[in-house]
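Comments concern the structure below.
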């Protein structure tokens, strides 16, 4: 999300949410037809719609509160329209569950229309674990409002009191006469539009029968049969295949280019605009041939390399504004340090890492007259729509972006690079064009989780009470920068830097780096005062939800009940992010001869309020742990002078089957608390828990992410 | 040339540098097999060639001539899922699902060679397939389920 993303985002432009909202609402009303519809109009209306086009109520809408609408047709189908998108977090299933719950229908009678800018209301994007805590309650209220409308219609039909009616299995039952009408029968012939009632009675969590259960992935069968069409699988009649000429380094500019040979390839369209050169051809082979025939000459400039990146970040940090993002101050550091019996000063270095989604960026572009339809896997369909409208100087209503369920993102697909490239070529070719990035392009021309330098100065009393905490983060971002521990004297500051590599959002954003530093420092402080790392944390921690996950993880792991064997160690780490609370315990084994570090066990306790789908929550926690494991142990983007040196899976190591430790996941279900997202937070405890376990096993207190890309060097020597 | 895919003879035009994956996806519209890396490192493109799981992105289509190719589309028979697909569905393995066809084909290949693999054998056989969503333990569970079925 913009306000909590690490550092400079991939280019993103401003948009007028009011305009966006009006436009998408007009589209919604057009396709509405008959039936019952619930829309987010902040106007109390139970409006009959003689003609949907005539509805022009003045709208004052906070786009943060808008995101979905719902329609019940005469065919009994409930259609939910939401700007949220599916990238593997199984939100298609969980949002359908909460609607099914409120409407008393099967999850399978719900059709989720997601991420199509012509059909769904404006949505800023799917990121920051916002779908569950924000979109979920909105859709629940919309469904509860529709439930009220159905009761009203049935009461009119039978001329009875609403209190004598009951809803079940997609029908309204008249308990007195035992008659029943399906929702479709009630919706038939009506054209009802109602605003979401903010006071609509929601089904209490304790009474959930569909939400709160492990409904399987709704399109699971399409996935396991290979039938689901990702953008990279699409084919339109007469479609061309595109390739883009890539510069040899970041920031390179085209000095000259010879295109005649490329243009001579039969059926090829070549576009050259500034530094952009792309080709489109009837098949991939011809596109490759044309690309290879291009003779460019590039101007390159000297750029910082990985070997000097941490010095670069420190030297180029901007002066922080006091009170700015990621800045806070409490008490006096001088007083705090003076009160300390022991002090500890550490510097942590965090490498850039890549999201490496299994489906590289892909886009299919089609121009019909001046209207552009663009299929692409992006977490921000409306953002990409905006980018395209600006690029081609057309109105946003002329651009339709459609996002089919996509081969993952992890915060790495906020942008629409492939979309813009495909659209440029399609416009020139006057034919539909498909562009699929190669793995190398995805590793090079997407964006990265930021690198960072984190400096911590801290003080502690002999009894383990924290007295002072000074924390500076250079470049990696402000997410998770606050310490969750009680410290009377503290100063925290995020220092933005103009990053040499394109950087942006990532799973858990900067909290993967910040909580790594916080939890490493906490472990080293515990060691300074000879305290058990868990006891030390709990002594300085009040937040009950974080205490609960620390205690739950420790209990399941057997912390303090069992002792690690020789060359083995236990470690713990945790924190809070995006409304989720997580703690992880790790056991590692170190081979003192080779320096190999093997993570044997990871036990994670996680709490995110009321659980909507336990099995899918388990899967999200698992995914965060596994992704965290790769980032903790060995993932790092290597680069030199504007070139990525490891842009292949054979060179950039990600976690594989053989890296899997025994993993135990403990879910704490807080039915009394609102549901929060779970895709991000469970990642944050993994790296520090492993780091602290290595420290316990080998006495080596590592201060880098990744920790041991080449094994534990000290152990070897 | 002729290619035997999912029990059917299909005619395709061949170019020197066409991989089996490209022929399947772009000529025969069998898009279940995925491109993930083009270097044989991720397993998203896995198909069976004469019953053995191979990386179709690294196999020149020429060398698949006169061999039986089975893709994810060929597992389901008359609307009935393959036992491995049933098991993956039952365990509700996937998140984004992009790696799914390759994972399932690798698992089918493994179980055809070894009907009752140990956990270690499963991990060894599957290690060449990447799932960035991190569903590995669920995949192991699904393969164990399928072996039991």
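Brief remarks on what is shown
- Residue A:440 meets the conditions (1) assigned to a strand (DSSP E or B); (2) within 29 Å of residue B:134 (Cβ to Cβ) in every case but one. The failed one is (1).
- Of all residues making up the range B:50-62, the number that are surrounded by fewer than 20 Cβ atoms within 10 Å (Cβ to Cβ) and touching a strand residue (DSSP E or B) at 6+ places or on another chain (Cβ under 9 Å): 4
- Residues that are crowded, with 20+ Cβ neighbours inside 10 Å, in contact with a helix residue (DSSP H, G or I) (Cβ under 8 Å, 6 or more places away or on another chain) and more than 14 Å from chain B (Cβ to nearest Cβ), drawn from the range A:188-232: A:192, A:193, A:194, A:196, A:210, A:211, A:212
- Residues being assigned to a helix (DSSP H, G or I) and either free of Cβ contacts under 8 Å to residues at least 12 places away in the same chain or more than 17 Å from residue A:106 (Cβ to Cβ) (or both) - total across the range A:147-176: 13
- Selection count where residues are more than 7 Å from chain A (Cβ to nearest Cβ) and either on the phi > 0 side of the Ramachandran plot or part of a loop (DSSP other than H, G, I, E, B) (or both), scope the range B:71-101: 7
- Which listed residue is in contact with a strand residue (DSSP E or B) (Cβ under 9 Å, 6 or more places away or on another chain) and touching a residue at least 12 places away in the same chain (Cβ under 8 Å), from A:708, A:714: A:708
- When the range A:631-661 is limited to residues that are within 9 Å of chain B (Cβ to nearest Cβ) and touching a residue at least 40 places away in the same chain (Cβ under 8 Å), the one that is surrounded by the fewest Cβ atoms within 10 Å (Cβ to Cβ) turns out to be A:648.
- Considering the conditions (1) crowded, with 17+ Cβ neighbours inside 10 Å; (2) out of contact with any strand residue (DSSP E or B) (no Cβ under 9 Å at 6 or more places or on another chain); (3) at the interface with chain A (Cβ under 10 Å from one of its Cβ atoms); (4) at negative phi, residue B:134 is excluded by exactly one of them, (4).
- Among the candidates A:278, A:238, A:184, residue that is buried (at least 17 other Cβ atoms within 10 Å of the Cβ), closer than 30 Å to residue B:26 by Cβ and away from chain B (no Cβ under 14 Å): A:278
- Hits in the range A:297-325 (condition: part of a loop (DSSP other than H, G, I, E, B) and closer than 13 Å to residue A:640 by Cβ): A:300, A:302, A:303, A:304, A:305
- Enumeration of residues in the range A:258-278 that are part of a strand (DSSP E or B) and over 38 Å from the mean Cα position of the chain (by Cα): A:258
- For the range B:33-47, the set of residues classified as crowded, with 23+ Cβ neighbours inside 10 Å and assigned to a loop (DSSP other than H, G, I, E, B) consists of B:33, B:34, B:35, B:36, B:37, B:42, B:43, B:44, B:45, listed by residue number.
- A single member of A:242, A:286, A:255 is within 30 Å of residue B:14 (Cβ to Cβ), over 35 Å from the mean Cα position of the chain (by Cα) and outside any loop (DSSP other than H, G, I, E, B), and it is A:286.
- Here is the figure for the range B:122-131: residues that are part of a helix (DSSP H, G or I) and either at pLDDT below 95 or within 7 Å of another protein chain (Cβ to nearest Cβ) (or both) total 2.
- Of all residues in the range A:243-257, at least one satisfies being within 14 Å of another protein chain (Cβ to nearest Cβ) and either touching a residue at least 24 places away in the same chain (Cβ under 8 Å) or over 30 Å from residue A:97 (Cβ atoms) (or both).
The values are calculated or read from the model by the stated rules, or taken from the named source; none is laboratory data. Here the structure is a predicted model, which is why all the values come from computation and not from measurement. Please note: Cβ atoms are built from the backbone with ideal geometry, for glycine as well, and neighbour counts cover all protein chains shown.
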